[in-house]
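The values are calculated or read from the model by the stated rules, or taken from the named source; none is laboratory data. Remember, it's a predicted structure, so these values are computed and weren't measured experimentally. Reconstructed Cβ throughout: ideal geometry from the backbone, glycine too, with neighbour counts over all protein chains shown. Ligands, DNA and RNA are stripped out before the accessible areas are found, and what is left, the full protein with its side chains, is counted by its heavy atoms. Shrake-Rupley method; radii C 1.70, N 1.55, O 1.52, S 1.80 Å.
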Amino acid sequence: MTRFVDKVERITAGIGDPLNPQSTMGPVISQVSLERISAAVSRSTRKILVGGYRLTGVSPLDGFDLSKGSFYAPTVVEDVSIDDEIWKEELFGPVVAVAKFKDEEDGVSLANASKYGLGAGIWTENLSRAHRVAKRLDAGIVWVNTHHRNDPSSPWLVRLVPGRGMGRRAS
């Protein structure tokens, strides 16, 4: 977890002008989205390891005034319950909800305890386990040892899961 938090802190330090190709992350889509993300994180009773606030002031990367945009610090919240809003809802913001699990079965149950399941990531040294777990996840796309690395023109799996909303549509 320490290496992950360190990485998140490096991303935060590299946030700047969205037009700067060296900037590591841009703003969230709107002020309304920023307020929704901030409120959800504030309502969580779990420990925030890093982030959890709106970015304002001058970017150390390039001097950009971050208060001119809807910038939210990349955030990691630990020991999140599946009953927590930041677990249940798709925030569409830079928030990672972390939960410990006992074994593979428990991990799959936690991963599937969401009504959305747009994407999932598996981090492991065991490729056989990755394939086995990926088959059991109710997600539109599953990444192994990476996240959000896909060609936008790639098709997405359509899974209509009873009780999980409208399902997902392939592109």
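So which pairs qualify, if the first residue must be in segment 41-64 and farther than 24 Å from Glu78 by Cα, the second must be open to solvent by 90 Å² or more (accessible area, probe 1.4 Å) and in a loop (DSSP other than H, G, I, E, B), the Cβ gap must be under 8 Å, and the two must be at least 6 apart or on different chains?
Going by the 8 Å Cβ cut-off, the qualifying pairs are Leu61/Gln22; Asp62/Gln22.
Suppose we keep only residues that are in a helix (DSSP H, G or I) and surrounded by fewer than 18 Cβ atoms within 10 Å (Cβ to Cβ) within segment 61-86. Which one would you say is nearest to the chain's Cα centre (by Cα)?
Step one: filter segment 61-86 for residues in a helix (DSSP H, G or I), giving 66-68, 85-86.
Subsequent filtering for residues that are surrounded by fewer than 18 Cβ atoms within 10 Å (Cβ to Cβ) retains 67-68, 85.
Values: Ser67: 23, Lys68: 24, Glu85: 13 Å.
The residue in question is Glu85.
Would you call Lys47 within 17 Å of the chain's Cα centre (by Cα), of a type in the set (Lys, Arg) and over 19 Å from Asp84 (Cα atoms)? Write out each step before concluding.
Numbers: within 17 Å of the chain's Cα centre (by Cα): yes; of a type in the set (Lys, Arg): yes; over 19 Å from Asp84 (Cα atoms): no.
The answer is no for Lys47.
Looking at (1) closer than 29 Å to Pro18 by Cβ; (2) open to solvent by 30 Å² or more (accessible area, probe 1.4 Å); (3) more than 13 Å from the chain's Cα centre (by Cα), can you tell me which one Gly119 breaks?
Against the list (1) closer than 29 Å to Pro18 by Cβ; (2) open to solvent by 30 Å² or more (accessible area, probe 1.4 Å); (3) more than 13 Å from the chain's Cα centre (by Cα), Gly119 comes up short only on (3).
So is Phe92 aromatic (Phe, Trp, Tyr) and on the phi < 0 side of the Ramachandran plot or not?
Values: aromatic (Phe, Trp, Tyr): yes; on the phi < 0 side of the Ramachandran plot: no.
When the stated conditions are applied, Phe92 does not pass them.
Take segment 4-40 and flag every residue that is open to solvent by 50 Å² or more (accessible area, probe 1.4 Å), touching a residue at least 24 places away in the same chain (Cβ under 8 Å), more than 19 Å from Gly63 (Cα to Cα) and in a helix (DSSP H, G or I).
Of everything in segment 4-40, those that are open to solvent by 50 Å² or more (accessible area, probe 1.4 Å), touching a residue at least 24 places away in the same chain (Cβ under 8 Å), more than 19 Å from Gly63 (Cα to Cα) and in a helix (DSSP H, G or I) turn out to be Phe4, Gln31, Arg36.
Can you give me the number of residues within segment 49-60 that are among the β-branched types (Val, Ile, Thr) and open to solvent by less than 70 Å² (accessible area, probe 1.4 Å)? Spell out the reasoning first.
Taking segment 49-60 and keeping what is among the β-branched types (Val, Ile, Thr), we get 50, 56, 58.
Imposing the further condition that a residue be open to solvent by less than 70 Å² (accessible area, probe 1.4 Å) reduces the set to 50.
Result for segment 49-60: 1.
Any residue in segment 102-127 that's within 19 Å of Asp84 (Cβ to Cβ) and free of Cβ contacts under 8 Å to residues at least 24 places away in the same chain: show its pairings with residues that are among the aromatic types (Phe, Trp, Tyr) and open to solvent by 40 Å² or more (accessible area, probe 1.4 Å) at Cβ separation under 9 Å, as long as the two are six or more apart or on different chains.
Ser109/Phe101
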